[in-house]
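What follows is a set of notes on a single structure, which appears directly below.
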Ligand SMILES: [Zn+2]
């Protein structure tokens, strides 16, 4: 079921690896089908980079597995975000290096460029650390994300969301680029200037 969406999830998962936003079995991708409300998600321990549609999992909004093996350990927070923000139909989680560095420093990335302003629509805040796959992790991420389209997970990585997979992938790139830019500005000894998020 949901063969077209599975192809798209596989493409995005593999693109994350080729763009070096994830390595090995880190990171995960999901999208929700408009009609059925079911969610296609990468399986646990999948090496993004060699994902094929046939290995993907289908779960309902309560996390029950309808197809495939064991879904990603991040499934709880993917579903929680989609429940909390019905307009969000795609979630991408990466361990991209610059964004993860800010998550380790426990420092938010402010609105420093037009992409963060127009696409992320707010500071990229840091969600407090919690055990991978736990309910509290899902609650922290959803609460910290708020109405923005990206959030950092303390000592872990980044999450980008959007109305579709292509936009969520783009938002992942925007997060990593902004983290890199913010890091460069600070290494220049300069203070980053900020702009307002687009309303
Ligand atoms: Zn992770």
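Conditions (1) free of Cβ contacts under 8 Å to residues at least 24 places away in the same chain; (2) within 13 Å of the ligand (Cβ to nearest atom), marked per residue:
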position: 2; (1), (2): no, no
position: 21; (1), (2): no, yes
position: 37; (1), (2): no, no
position: 50; (1), (2): no, no
position: 57; (1), (2): yes, no
position: 60; (1), (2): yes, no
position: 64; (1), (2): yes, no
position: 76; (1), (2): no, yes
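Yes or no, residue by residue, for (1) out of contact with any helix residue (DSSP H, G or I) (no Cβ under 7 Å at 6 or more places or on another chain); (2) modelled with pLDDT under 95:
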| position | (1), (2) |
| --- | --- |
| 120 | no, no |
| 136 | yes, no |
| 162 | no, no |
| 171 | no, no |
| 199 | yes, yes |
Test of understanding: among 150, 160, 130, 105, which residue is free of Cβ contacts under 8 Å to residues at least 24 places away in the same chain and either within 23 Å of residue 46 (Cβ to Cβ) or within 15 Å of the ligand (Cβ to nearest atom) (or both)? 130
Test residue 29 against the criterion of being over 15 Å from residue 166 (Cα atoms), outside any loop (DSSP other than H, G, I, E, B), touching a residue at least 12 places away in the same chain (Cβ under 8 Å) and touching a strand residue (DSSP E or B) at 6+ places or on another chain (Cβ under 6 Å), and give yes or no. no
Only one of 184, 174 is part of a helix (DSSP H, G or I), surrounded by fewer than 13 Cβ atoms within 10 Å (Cβ to Cβ) and free of Cβ contacts under 8 Å to residues at least 60 places away in the same chain, namely 184
Suppose we filter 174, 114, 109 for residues that are more than 22 Å from residue 75 (Cα to Cα) and within 12 Å of the chain's Cα centre (by Cα); which single one remains? 174
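The values are calculated or read from the model by the stated rules, or taken from the named source; none is laboratory data. Source: prediction; values computed, not measured. Using ideal geometry, Cβ is built from the backbone for each residue, glycine included, and neighbour counts are taken over all protein chains shown.
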